[in-house]
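The values are calculated or read from the model by the stated rules, or taken from the named source; none is laboratory data. Computed from a prediction, not measured in an experiment: that's the story for all the values here. Glycine gets a Cβ as well: all are built from the backbone with ideal geometry, and neighbour counts include every protein chain shown. The protein model used for the area step is the full one, side chains on, heavy atoms only, and it has no ligands, DNA or RNA in it. Shrake-Rupley method; radii C 1.70, N 1.55, O 1.52, S 1.80 Å.
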Amino acid sequence: MAKKKNPTEDTDLGDEQKLSLEEAMSELASIVSGMESGKETLDESLAQFERGMKLLRVCHSKLDVAAQRIEIVTQMSPDGEV
């Protein structure tokens, strides 16, 4: 049986992973606006959808990392020891 891929894994994200969360979210918002306008062809819409899904995975990945860091910090003792 094939291994189910975790959608937040950093594999196959390429250059998108270099974007900050804010950059990825901004581009994603722009893609949504463009698709909602209905002015794009089907092929353009599909390409934008694919790009949007990659950006969404980047956002999830970055938020997961931030959540892990918060979890670590909140488990520190008063003197800063983990």
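Taking segment 6-33 as the range and being in contact with a Ser or Thr (Cβ under 8 Å, 6 or more places away or on another chain) and either modelled with pLDDT of 95 or more or more than 10 Å from Leu55 (Cα to Cα) (or both) as the test, the residues that pass are Thr8, Glu9, Asp10. Residues that are open to solvent by 60 Å² or more (accessible area, probe 1.4 Å), within 14 Å of the chain's Cα centre (by Cα) and hydrophobic (A, V, I, L, M, F, W, C) within segment 43-64 comprise Phe49, Met53, Leu56, Leu63, listed in sequence order.
Taken together, the residues in segment 65-81 that are part of a helix (DSSP H, G or I) and loosely packed, with under 13 Cβ neighbours inside 10 Å amount to 9.
For Glu40, the stated conditions hold: it is open to solvent by less than 90 Å² (accessible area, probe 1.4 Å) and not in a helix (DSSP H, G or I).
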